[in-house]
Amino acid sequence: MLELAYGGTLMEQNRKFLYPRYKYRGEATPENIAFDGQLQEFAAQVNMIAGLHTGGKLSSQESYQRLKQYWKQVKTARQQWGIGSH
């Protein structure tokens, strides 16, 4: 594998660029941290879908349906983990 000057392989750096992860800054419960990961994954999917739509690879309807599907997953996770129910 190709090692880069800033450390890591090209694949690792591409993954970090395309799917950045940020430190959690709330109450550090297992549920909150898991939900934060779910939200970050959702944000990455929104970014990818928006790019595909802008590039003409996805129709508006297909983009909407995919976003709606991912949002349902976020809502389900939120309910299962009891986030925001206090």
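A short reminder: the numbers here are calculations on the coordinates, not readings from a lab. Remember, predicted model here, so these are calculated numbers, not experimental data. Cβ placement follows ideal geometry from the backbone for every residue including glycine, while neighbour counts extend to all protein chains displayed.
A few comments on the model shown:
- Look at MET11, MET48 and count the other Cβ atoms within 10 Å of each Cβ; fewest to most, that gives MET11, MET48.
- All other residues whose Cβ lies under 13 angstrom from that of TRP71 are scored, Lys and Arg at +1 and Asp and Glu at -1, for a net of +4.
- Loop-located GluC sites (Glu not before Pro) in segment 25-58 whose Cβ has at most 10 other Cβ within 10 Å (DSSP): GLU27
- Residue exposure sequence - LYS75, LYS23 - by fewest surrounding Cβ within 10 Å: LYS23, LYS75
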